[in-house]
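Note sheet for the following structure.
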Amino acid sequence: MAEDILINVLETFNFPVRRQGSLLPDEPYPDNFFTFWNSDSNSERHYDNKENIYVYNFSVNFYSNNPENVYSILRAAIEKLKAAGFIISGGGYDVASDEATHDGRGVGCVYIEKL
Amino acid sequence: MKRIKLSLEVHGFDDYVTRLDELGANVKEIVSDIYEQCTDDITADTIAAVKNIKKLPAGGKYSTGDTLKSIIKAPKMEWSGEIGEIGVGFDHSKNGAGLLLITGTPRMKPVLDLEDIYARKKPIKKFNIDVTEAFERAIKEIMEG
């Protein structure tokens with residue numbers, strides 16, 4: 001399953017991996033962590049009245065209290081995700097953080113799962 | 001900061017433009033009119049999503065002031081040569097939490113109604129139909145004089 005592959009790749013960095021929005025209001029930010037969100041999973045290429053593939057759209061974000069990590073870790077994550085079969089274009093974009101201590105950058109990822 | 005772009009490509013667009021050009025029509029004027037009318041629903045859906053305080057973080061406390069004001073209310077087509085662009089959704093040059101509501105934060109899930117519009121792109125299918133029908137009407141009106 002696409003989400004499992006995504007999480008497994010991100011976990012190789014040994015930072016927490018959380019679903020976007022899952023931190024509690026009073027839960028402190030870890031120093032470094034990933035979040036992800038699956039915005040869509042469409043079925044494509046129907047054949048013989050059956051779905052043939054799923055196309056998953058994810059956003060992956062990395063937050064850190066070290067501004068350099070925000071860029072370097074996300075870049076490294078992009079390379080690992082591409083190697084695992086995710087389709088990613090571009091080098092990412094800034095994302096908003098709830099905490100002034102942390103910066104964040106994110107990237108959109110597409111995964112095509114053949115059924 | 002990420003800018004959410006909603007691609008408003010329409011099937012058969014090039015064919016319609018060619019047909020209008022062959023008929024001697026003012027293509028840019030017609031395309032502008034069609035796109036400006038057909039994006040009304042996207043604007044209305046965005047406003048409705050931002051006003052739906054039951055589905056907004058903190059009951060909409062941080063979403064219904066500047067964020068509502070930052071929504072582009074009457075999108076206008078702008079042309080650079082032969083390329084037209086129309087801005088829908090949130091005006092990122094203004095204050096507001098529009099982008100935050102779409103992407104979420106580690107403590108705030110994305111707002112699903114806005115995700116439907118800008119991530120899942122649900123209005124695009126209806127937009128395609130509306131624009132196609134508008135092109136057909138415009139061509140018919142020109143041919144019937």
message = Can you classify the protein assembly as shown as rounded, prolate or oblate using the Cα gyration tensor, where a ≥ b ≥ c are the square roots of its eigenvalues, rounded means a/c under 1.5, and otherwise it's prolate if a/b beats b/c and oblate if not?
response = prolate
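What is chain A's relative contact order, in percent, from Cα pairs under 8 angstrom and six or more apart in sequence?
Working: 209 pairs, mean separation 30.1, N = 115.
Result for chain A is 26 percent.
Cα gyration tensor of the range B:1-134, axes a ≥ b ≥ c as square roots of the eigenvalues: rounded (a/c below 1.5), prolate (a/b > b/c) or oblate?
Numbers: a/c = 2.66, a/b = 2.28, b/c = 1.16.
Judged from the Cα gyration tensor, the range B:1-134 comes out prolate (a/c at least 1.5, a/b above b/c).
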query = Rounded to the nearest 5, what % of the DSSP beta bridges within the protein assembly as shown are antiparallel ones?
reply = 90
task = Could you check which residue among A:Tyr71, A:Tyr93, A:Tyr63 shows the biggest mean-square fluctuation in a GNM of chain A with a 10 Å Cα cutoff?
result = A:Tyr93
query = Relative to the longest principal axis of chain A, what angle (0 to 90°, nearest 10) does the C-alpha long axis of helix A:2-11 take?
reply = 30
query = Roughly how many whole Å is it from the C-alpha centroid of the range B:104-134 to that of the range A:35-97?
reply = 19
ask   = So which residue, out of B:Glu82, B:Glu29, B:Glu115, gets the largest mean-square fluctuation from a GNM of chain B using Cα contacts under 10 Å as springs?
value = B:Glu82
query = For the pair B:Asn95 and B:Lys76, how long in nm is the line joining their label points, each one 7 Å along Cα→Cβ?
reply = 2.5
query = Where does each of A:Trp37, B:Trp79 land when they are ranked from fewest to most other beta-carbon atoms within 10 angstrom?
reply = B:Trp79, A:Trp37
Residue with peak Gaussian network fluctuation, chain A [Cα springs, cutoff 10 Å], from A:Ile78, A:Ile88, A:Ile53 = A:Ile53
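Which whole number gives the average, over all residues in B:106-116, of C-beta atoms from other chains lying within 10 Å of the residue C-beta?
Rounded to a whole number, the mean comes out at 5.
Among the listed pairs B:Lys51/B:Lys94; B:Lys94/B:Lys125; B:Lys76/B:Lys122; B:Lys76/B:Lys126; A:Lys82/B:Lys125; B:Lys55/B:Lys125, which are separated by more than 26 Å between their Cα atoms?
On the way: B:Lys51/B:Lys94 18 Å; B:Lys94/B:Lys125 29 Å; B:Lys76/B:Lys122 22 Å; B:Lys76/B:Lys126 19 Å; A:Lys82/B:Lys125 30 Å; B:Lys55/B:Lys125 24 Å.
Pairs exceeding 26 Å: B:Lys94/B:Lys125; A:Lys82/B:Lys125.
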note = Going fewest to most other Cβ atoms within 10 Å around each Cβ, B:Arg19, A:Arg75 line up as A:Arg75, B:Arg19
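I need B:Thr105, B:Thr132 ordered by Cβ neighbour count within 10 Å, fewest first. The partial results should precede the final answer.
On the way: B:Thr105 23, B:Thr132 17.
Least crowded to most crowded, the residues run B:Thr132, B:Thr105.
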ask   = If one takes the longest principal axis of the Cα atoms in chain A, at what angle in degrees, from 0 to 90 and to the nearest 10, does the Cα axis of helix A:67-83 lie?
value = 20
request  = Please identify the helices of chain B, taking whole runs of DSSP H, that span at least 15 Å along their own axis as judged from the Cα atoms and have a mean Kyte-Doolittle score of 1.6 or higher.
outcome  = none
message = As an exercise, take the mean of 1/r over every pair of distinct alpha carbons in chain A, invert it, and state the Kirkwood radius in angstroms.
response = 14.8
query = If you take the square roots of the eigenvalues of the alpha-carbon gyration tensor of the range B:80-136 and sort them as a ≥ b ≥ c, do you get rounded (a/c under 1.5), prolate (a/b over b/c) or oblate?
reply = oblate
request  = Work out the length of the dipole vector of the protein assembly as shown about its Cα centre, built from +1 on the beta-carbon of each Lys and Arg and -1 on the beta-carbon of each Asp and Glu, and round it to the nearest 20 debye.
outcome  = 780
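Readers should treat all values here as calculations from the given coordinates under stated rules, not as data from a laboratory. These numbers come from a predicted model, not from an experiment. Glycine also receives a Cβ, built like all others from the backbone with ideal geometry; neighbour counts cover every protein chain displayed.
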